[in-house]
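Undergrad: If you scroll down you'll find the structure; I have some questions about it.
The values are calculated or read from the model by the stated rules, or taken from the named source; none is laboratory data. Please read these numbers as outputs of a predicted model, since none were measured by experiment. FYI the Cβ positions are ideal-geometry reconstructions off the backbone, even for glycines, and counts take in every protein chain you see. Heavy atoms of the whole protein, side chains included, go into the accessibility calculation; ligands, DNA and RNA do not. Shrake-Rupley method; radii C 1.70, N 1.55, O 1.52, S 1.80 Å.
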Amino acid sequence: PWRLFIDDIPLISETIVRQNYGDSALGNPLLAGAAFIALASLGPRRGLWLAAPLLWPYPQQIYKVLTVPFLSPLLAMFWAVPMPGATLAGVICEAVLLQVARRRPIPPWLRLGLCPAAQWPAEREPDPDRTAEPAPIQGFSSASAANARR
């Protein structure tokens, strides 16, 4: 099997280049430097999770799926834009806003938008005494609805 792989390296390389989305910062030293600084400011763990779509030589859109555990809503908005450069712009924007949030208060909605969804605060448990009864379905009596719940 390796012989076939070695024989097909030109075809494989061609396919990788053709499927390239063109959103890697690795080809440009200035963009790569900005990417490294932005990722480092996010912290080692989160920065490493978010590095693949930015620093992989031939990235594809699907590589962004790898980052879901550490993806914030703000970053997801940027990364949903199918435009080269949006990946790096999102990471830089998030890094800058996180640095601002460390130095001065920001609105709660923005703070939540910068937090990865896996770290969002858990919602409060619903109070069973205050739970509203479901609205009756038209055409059924309340007695048949009570029997259906049993």
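Undergrad: Restricting to segment 28-45, name every residue that is surrounded by fewer than 18 Cβ atoms within 10 Å (Cβ to Cβ) and in contact (Cβ under 8 Å) with a residue 24 or more places away in the chain.
TA: Within segment 28-45, 31, 37, 41, 45 qualify.
So that you can scan it fast, the table gives a plain yes or no per residue for (1) under 16 Å from the mean Cα position of the chain (by Cα); (2) in a loop (DSSP other than H, G, I, E, B); (3) buried (at least 19 other Cβ atoms within 10 Å of the Cβ):
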| position | (1), (2), (3) |
| --- | --- |
| 47 | yes, no, yes |
| 58 | no, yes, no |
| 67 | yes, no, yes |
| 78 | yes, no, yes |
| 81 | yes, yes, no |
| 84 | no, yes, no |
| 113 | yes, no, no |
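Undergrad: May I ask you to list pairs of residues, at least six apart or on different chains, whose Cβ atoms are under 6 Å apart, with the first in segment 64-87 being without any contact (Cβ under 8 Å) to a residue 40 or more places away in the chain and under 16 Å from residue 39 (Cα atoms) and the second being open to solvent by 50 Å² or more (accessible area, probe 1.4 Å) and of a type outside the set (Lys, Arg)?
TA: Close Cβ pairs (under 6 Å, with a partner that is open to solvent by 50 Å² or more (accessible area, probe 1.4 Å) and of a type outside the set (Lys, Arg)) amount to 67/49.
Undergrad: Quick check: is even one residue across segment 80-95 at pLDDT 90 or above and either over 30 Å from residue 16 (Cβ atoms) or among the acidic types (Asp, Glu) (or both)?
TA: There is at least one residue in segment 80-95 that is at pLDDT 90 or above and either over 30 Å from residue 16 (Cβ atoms) or among the acidic types (Asp, Glu) (or both).
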